[in-house]
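Novice: Before anything else, here's the structure in question.
Coordinate-derived values only; no laboratory data. Everything numeric in this text was worked out from a predicted model, so none of it was measured. Please note: Cβ atoms are built from the backbone with ideal geometry, for glycine as well, and neighbour counts cover all protein chains shown.
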Amino acid sequence: MLDALTEFGAATRLMAGQITAARLFKGNASDWKAARMLFSLKRRNAETIFGAIADEIAKLGISCSTPAPSSTTSWPPAVR
């Protein structure tokens, strides 16, 4: 994911939707960077895992964008 964001030249990101931390890693062969990140966490829950992912993306110089609450009304039901 980090390589794809870099190759795309992303300047901002929007983290939206719901996924459990278990589903994030289920069936995926994590790379060493992901494994180091995961094992460095004192607590492994959704908040700390997604926070660590956001921190890694921020290290690439990609800022985080937050949608306005009213903007979600125009999204398809699957992403609301």
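Novice: Taking the Cα-to-Cβ direction at residue 16 and at residue 65 and moving 7 Å from each Cα, how far apart do the two end points lie in nm?
Specialist: Output for this residue pair reads 1.0 nm.
Novice: Which distance in nm do the two modelled labels at residue 56 and residue 1 give, with both placed 7 Å along the Cα-to-Cβ direction?
Specialist: With each label placed 7 Å out from Cα toward Cβ, I get 0.8 nm.
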